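Enquirer: The following block contains the structure, expressed as structure tokens.
Bear in mind that the values in this text are calculations on the coordinates, not laboratory data. Just so you know, these numbers come straight off a predicted model, no measurement behind them. As a convention, Cβ positions derive from the backbone with ideal geometry for all residues, glycine included, and neighbour counts pool all protein chains shown.
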Amino acid sequence: MAIRVGQPGLLTTVQDTGRFEEYAIGMPPSGAMDTFSYQVGNYLVGNEEGAAGLEITYFGPELEFTEDTVVAVTGAEMPPKINGEEAPAWEALAVEAGDVLSFDYLKSGARSYLAVAGGIDVPMFMHSRSTYTLIGLGGLEGRALQEGDELQVGKTEDRTGRVGMAVDKEQIPAYGRETELRVIIGLASYRLTEESMEEFLNTEWTVTTDADRVGYRYRGGEIKFIEREQPAGAGADQANVVDFGYPIGSIQVPGGVEPIVLMNDAVTGGGYATIGTVISADRDRLAQTRTNDKTRFRSVNLEEALEARKERRDRMARIEEALS
């Protein structure tokens, strides 16, 4: 079975859970930005965790199926259509050979996910099928989909019995234009003045046009660093340090303006001070924000972050059980 690409959409890439075991050699994980939506799509069509799907950003593709199968669309409110007729999201859908899946205009959120029974079958690269967009590795030839592409789908047993299975409405996220992100302050936060840390946490930041799989840049305030004689190798800018590892979700402030939250395709280390990290439980929500959305950062401690992660895992387990 294959999926033929009529129109590719703005940025449609093959993604799975990512390649986390290679961070030490400078390889970021890539993978689905909103792992909740991505994984729930796999639950709906009966795939194993980690099966590759499509991440669809802002504007959806037009896809033709060569055989009957079962699909699900989750994530951003970008209503799917089968042969021009609107179909429900967050539900397992039947498509037949020759059917065309397309998408209406984006209404909320930023990224939708398409899960297909059997998963998208592209070559593995370092134990993942995810596309690393920054340098062009993995996925389909290391790039976003293009018109005329043909995607192979993995073989699987008949999944038609899953058609109509849907996620409970109370479990479906709502994506507003204002978002609060919980942050663990640390790493090089000591480099900020006390007033600047307060400003960072009290400012309503605006997502700029520079918001993609590498990082999200914000405007709205200015961060001041404590003046010091810079150590050898740090450079003259007070925002610089002598190289740090960059966790996913870490926040750097080059030059003291426009904080950047580093995302799945970001480099794994460098010389900018990182003042905190968005907790893992909130990165799905971060990935669904878009240009001109408003964001506030709230400081939490490690215990709160771990509890939020547990709550998210428990929620996903309940959804998986309900759909099994």
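Enquirer: Mind checking Rg over Rh on segment 178-312, alpha carbons, Kirkwood formula for Rh?
Expert: Taking Rg over the Kirkwood Rh, I get 0.95.
Enquirer: Another question, then. Have a look at GLY41, GLY161, GLY18 and tell me which one the Gaussian network model of the chain (Cα, springs below 10 Å) gives the largest fluctuation.
Expert: GLY161
Enquirer: First select every other residue whose beta carbon is under 13 angstrom from the beta carbon of ASP284; then total the charges, Lys and Arg +1, Asp and Glu -1.
Expert: Value of the local net charge: +4.
Enquirer: Taking the mean number of other Cβ atoms within 10 Å as a proxy for protection, how do you rank 142-155, 59-72, 215-228 from highest to lowest?
Expert: 59-72, 215-228, 142-155
Enquirer: Among PHE297, VAL40, GLY233, whose Cα projects farthest towards the positive end of the dipole of the chain, with charges put on the beta-carbon of Lys, Arg (+1) and Asp, Glu (-1)?
Expert: Selected residue: GLY233.
Enquirer: For the chain, what is the charge dipole size about the Cα centre, in debye to the nearest 20, if Lys and Arg each add +1 at the Cβ and Asp and Glu each add -1 at the Cβ?
Expert: 500
Enquirer: Let me ask something else. Could you tell me the relative contact order of the chain? Use alpha-carbon pairs under 8 Å, at least six residues apart, and round to a whole percent.
Expert: Relative contact order comes out at 20 percent.
Enquirer: Same structure, new question: If a/c stays under 1.5 just call it rounded; otherwise compare a/b with b/c (prolate if a/b is bigger, oblate if not). Do that for segment 2-175, with a ≥ b ≥ c from the square roots of the Cα gyration tensor eigenvalues.
Expert: Cα axes put segment 2-175 in the rounded bin.
Enquirer: Could I ask something else about it? When the dipole is taken about the Cα centre of segment 178-312, and only Lys, Arg (+1) and Asp, Glu (-1) are charged at their Cβ, what size is it in debye, to the nearest 20?
Expert: 360
Enquirer: Next question. Name the residue farthest towards the positive end of the dipole of segment 110-212 from the options LEU151, SER189, ILE135, assuming +1 on Cβ of Lys and Arg, -1 on Cβ of Asp and Glu, about the Cα centre.
Expert: Farthest along the dipole direction, towards plus: LEU151.
Enquirer: Note the count of lysine pairs whose C-alpha atoms are less than 20 angstrom apart in the chain, limited to pairs 8 or more residues apart or on different chains.
Expert: Here the count comes out as 4.
Enquirer: Could you derive backbone 3J(HN,Hα) for segment 193-207 from the dihedral phi with the Karplus parameters 6.51, -1.76 and 1.60 (θ = phi - 60°), listing whole Hz in sequence and x where the residue is Gly or Pro?
Expert: Coupling constants for segment 193-207: 5, 4, 5, 5, 5, 4, 5, 4, 7, 9, 7, 8, 8, 10, 5 Hz.
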